[in-house]
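**Student:** Handing you this structure, nothing more for now.
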Amino acid sequence: MEYVSPGAAKSMTGLRLVLSAGVPGPWGEAAKNLFELRGVAYTPVAQKVMEANEELAEWTGLRNAPIAVYENEAPLDRWLDILMLAERLGRGPSLLPDESIERALCVGIASEIAGEWGLGWCCRVHLFTRTKERMETVPIWPRIRRDYGITEAAAEAVPGRIRDILAMLANQLERQQGIGFNYLVGKDLSAADIYWSTFSQILAPMEPERCPMPDYLRRLYGKTAADFREAVAPSLVEHRDFIYREHLKLPVDF
């Protein structure tokens with residue numbers, strides 16, 4: 001993927017999407033796919049993992065990724081705000097169901113995956129806790145620990161939370177398949193499918209041919225995957241593969 005710097009992006013128009021350059025981070029991959037499925041063109045902007053990102057902070061007031069900046073509007077970094085921006089700017093089939101009850105279910109499932117104390121959040125705490133000794137040598141570790149809520153109490157709580165979310169997803173998929181639908185909510189592709197498929201890489205990484213990633217990241221994801229292998233239903237991995245095969249781009253480009 002061809003990235004521009006935050007300094008160059010600042011003077012551009014249209015949608016600028018800040019992503020972790022060279023890393024298929026789940027929040028960033030979800031954001032990319034939301035905009036691409038909705039037919040929204042964007043300029044990729046590079047954020048550097050584990051670095052201060054001072055130029056990015058000067059422009060947006062934020063240091064992490066993803067961040068969506070559309071025209072002169074305020075930068076957006078929360079998953080729901082980015083989803084709603086994709087819905088507003090896009091065209092064609094919506095990624096949110098029309099019926100309110102299904103729409104609420106879709107957003108709720110997505111929150112259980114991408115929101116605070118959701119699947120990705122908890123996996124991140126678990127991953128950083130497992131690598132605490134190495135992370136303590138990283139200069140910005142105190143800020144990472146503070147920003148991501150990495151505490152002893154959180155570390156103790158997240159394994160049960162991860163297993164509970166995975167069980168919910170497997171049960172929801174089973175219910176849907178039982179009535180003849182191939183998606184997590186309703187009869188069509190929705191944001192819930194996108195969030196599960198992209199976040200699943202943490203717990204069941206696709207092979208390098210489909211999702212290349214730095215060796216260090218594959219090792220880290222592999223450790224997390226090993227810790228929760230029994231909790232990831234085969235049907236969830238099959239669903240992820242179906243979504244990528246039918247709707248998303250392979251190999252993953254980051």
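**Student:** If you take the residues in region 185-202 that are assigned to a loop (DSSP other than H, G, I, E, B) and touching a residue at least 12 places away in the same chain (Cβ under 8 Å), which one is most open to solvent (accessible area, probe 1.4 Å)? Even if it seems obvious, please write down each step before you answer.
**Tutor:** Step one: of region 185-202, the residues assigned to a loop (DSSP other than H, G, I, E, B) are 185-190.
Then drop every residue that is not touching a residue at least 12 places away in the same chain (Cβ under 8 Å), which leaves 185-186, 188-190.
Working: Val185: 4, Gly186: 6, Asp188: 90, Leu189: 28, Ser190: 2 Å².
Among them, the one singled out is Asp188.
**Student:** I need the full set of residues from region 60-83 which are modelled with pLDDT of 95 or more and over 15 Å from the mean Cα position of the chain (by Cα), in order please.
**Tutor:** Filtering region 60-83 down to residues modelled with pLDDT of 95 or more leaves 60-62, 65-83.
Matches in region 60-83: Thr60, Gly61, Leu62, Val69, Tyr70, Glu71, Asn72, Glu73, Ala74, Pro75.
**Student:** Specify the residue that is surrounded by the most Cβ atoms within 10 Å (Cβ to Cβ); the eligible residues are those in region 148-184 that are among the hydrophobic types (A, V, I, L, M, F, W, C) and without any contact (Cβ under 8 Å) to a residue 40 or more places away in the chain.
**Tutor:** Only one residue fits best here, namely Val158.
**Student:** Six or more apart or on different chains, Cβ atoms under 7 Å: show the pairs whose first residue is in region 8-35 and of a type in the set (S, T, N, Q) and whose second is part of a helix (DSSP H, G or I) and at pLDDT 95 or above.
**Tutor:** Ser20/Gly28; Asn33/Ile194; Asn33/Thr198
**Student:** State all residues of region 74-108 that are in a loop (DSSP other than H, G, I, E, B) and either out of contact with any Ser or Thr (no Cβ under 9 Å at 6 or more places or on another chain) or loosely packed, with under 15 Cβ neighbours inside 10 Å (or both); if no residue qualifies, say none.
**Tutor:** Those that are in a loop (DSSP other than H, G, I, E, B) and either out of contact with any Ser or Thr (no Cβ under 9 Å at 6 or more places or on another chain) or loosely packed, with under 15 Cβ neighbours inside 10 Å (or both): Ala74, Arg78, Gly90, Arg91, Gly92, Pro93, Asp98, Glu99.
**Student:** So, one more: Looking only at residues in region 22-49 that are modelled with pLDDT under 95 and open to solvent by less than 40 Å² (accessible area, probe 1.4 Å), which one is farthest from Leu203 (Cα to Cα)?
**Tutor:** Result: Gly22.
**Student:** Please verify whether region 63-79 includes one or more residues that are in contact with a strand residue (DSSP E or B) (Cβ under 6 Å, 6 or more places away or on another chain), among the acidic types (Asp, Glu) and within 18 Å of Asp147 (Cβ to Cβ).
**Tutor:** Among the residues of region 63-79, at least one is in contact with a strand residue (DSSP E or B) (Cβ under 6 Å, 6 or more places away or on another chain), among the acidic types (Asp, Glu) and within 18 Å of Asp147 (Cβ to Cβ), which makes the answer yes.
**Student:** Tally the residues that are within 26 Å of Lys187 (Cβ to Cβ) and either in contact (Cβ under 8 Å) with a residue 60 or more places away in the chain or among the polar types (S, T, N, Q) (or both), restricting the search to region 203-245.
**Tutor:** Of the residues in that region, 6 qualify.
The values are calculated or read from the model by the stated rules, or taken from the named source; none is laboratory data. These numbers come from a predicted model, not from an experiment. As a convention, Cβ positions derive from the backbone with ideal geometry for all residues, glycine included, and neighbour counts pool all protein chains shown. With ligands, DNA and RNA removed, areas are computed over all heavy atoms of the protein, side chains included. Shrake-Rupley method; radii C 1.70, N 1.55, O 1.52, S 1.80 Å.
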